1. Rg and Dmax of the stretch 93-194, Cα atoms, in Å?
2. How would you order 225-233, 89-97 from highest to lowest mean count of nearby Cβ atoms within 10 Å?
3. Please grab the % of Cα pairs in the stretch 200-249 that end up more than 14 Å from each other.
4. Placing +1 at every Lys and Arg Cβ and -1 at every Asp and Glu Cβ, with all other atoms neutral, what dipole size does the stretch 70-228 have around its Cα centre, in debye to the nearest 20?
5. Of Asp155, Asp160, how do they rank once you tally other Cβ atoms within 10 Å and put the fewest first?
6. Please sort 206-212, 180-186, 49-55 by packing, taking for each peptide the average over its residues of neighbouring beta carbons within 10 angstrom, highest first.
7. Once Rh is set to the Kirkwood radius over Cα pairs, what Stokes-Einstein translational diffusion coefficient, in µm²/s, holds for the stretch 1-108 at a temperature of 10 °C and a viscosity of 1.306 mPa s?
8. Among Thr18, Thr40, what is the fewest-to-most ranking by other Cβ atoms within 10 Å?
Amino acid sequence: MDSLVGFFTEFVVAAIATFIAMWFVVPIVFFFVRLFGLYTIVYEGTCQVFVLFGKVIGTLREPGLHWLPVHLGLSAFLVNWLGSRRVLDMRLDQQYLRSNPVNSEEGAPMGVGIWYEMYISDPVSYLFKNVDPRGSLAANVSNAVVRSLSNMPLDQMLVDRHAMSRTVREEVSPRSHEWGYKLGSVYIRKVHFRDIGMIQQIEAKVVNRLRQVTSAIKQDGANQVNIITSTADRQAAVEFAKAAAIRPRIVGQAMQSISADPQVATAMFEILETQRILEGKGETELAVKNYERSLELNPDNQNAKDQLKNLKKDRERE
C-alpha cells in the first residue's frame, strides 16, 4: 500500500514538473538562446536581414530554423545586442493609383487609373537605397503614365489599354529594380474624363444624337407609309378611271339589249321611275301632276293611269 502511494506521489510530482518545464522553463530557455543569437526562425514569405555596425552581415530567405553561427559566424552572438535584425515581407503586393491626369492629343483632360503588382527582389537595396521605395515606385509609375500616355489620340487611349499597360511597365521596371522592387503585372484599369463640364456636354450630345436618330427613324417610317398610301390611291384612281371609261359602253350595250323587247323596256323604265321618285322623296302632288302631264302626252300610257289611281287612293286615305 505504501509503495502504491509513493508511486502515485512520484507520478503527480513528475507531471507537475513536466507541465512547468514545458510551459515556463522551455520557452524561457529558448528565449535566452535566441537572445544570445544561437538560432532564428524564418517564416514563409519573409526575409531577415542582419545588420552589425552599419554593415549587412547576412541575409536569410529560406523558411525554417537556422543556426546563426553557421551563417553569421561569431557575429551571431553580437547582432542582437549591437546590431539589428530586419524582417521583410517578400509576398506579392498590389496597388491601385486612381485618376492620374493626362491630356489626349485633342486636348481633352483625361484620368487614368492603373493597377500594378510588385514584390521585393533585393532586400538590401530595398532597405538602404531608398527611404520610401513603395512611395517612390508609386510616383515612378504615375510619372511613367503621364510621360507615356500624354498626347495620345483619344480613340486610341480609350481602346488600346493593353499596349498602354505594356508601355508603362517597360519604362518603370528598370528603375524599380534599382530600389529592390520587382514590378509584376501592370494594367490600365480605367480611362475617364476628368472635366465634369465635358462629361455633361458629351452626355448632352449623345442624348441629342439619340433623339435625332429616333426622329429620323420615325420620319422614315412616316415617309414609307405615305408612299404606300399614295401608291394605293393612285392605283385606285386608275382603276376607277378605267371603270368610269367603260361604264357608258356597258350601260349602252345593256340598254340596247333591253330595248330589243318593248315590254321589258317599258317595265324597266317604270321601275326606274318609281325608284327615282322614292329615292328622291318627291312630293305626292308633284307626282300626280307629272302623271297627268304624261297622260296628256300619251293617253294610252296604262302605267301612268295605274300610278295616278294609286296616288289618289293614298291621298283619300290620308
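1. 14.0, 45
2. Those peptides, ordered most packed to least, come out 89-97, 225-233.
3. In whole percent, the share of Cα-Cα pairs in the stretch 200-249 beyond 14 Å is 70.
4. I would put it at about 300 debye.
5. Asp155, Asp160
6. The most tightly packed comes first, giving 180-186, 49-55, 206-212.
7. 86 µm²/s
8. Thr18, Thr40
Every read-out reported here was derived from the displayed coordinates using simple, explicitly stated rules and does not represent laboratory data. On a predicted model such as this, the values are computed, not experimentally measured, just so you know. We place every Cβ from the backbone using ideal geometry, glycine too, and count neighbours over all the protein chains shown.
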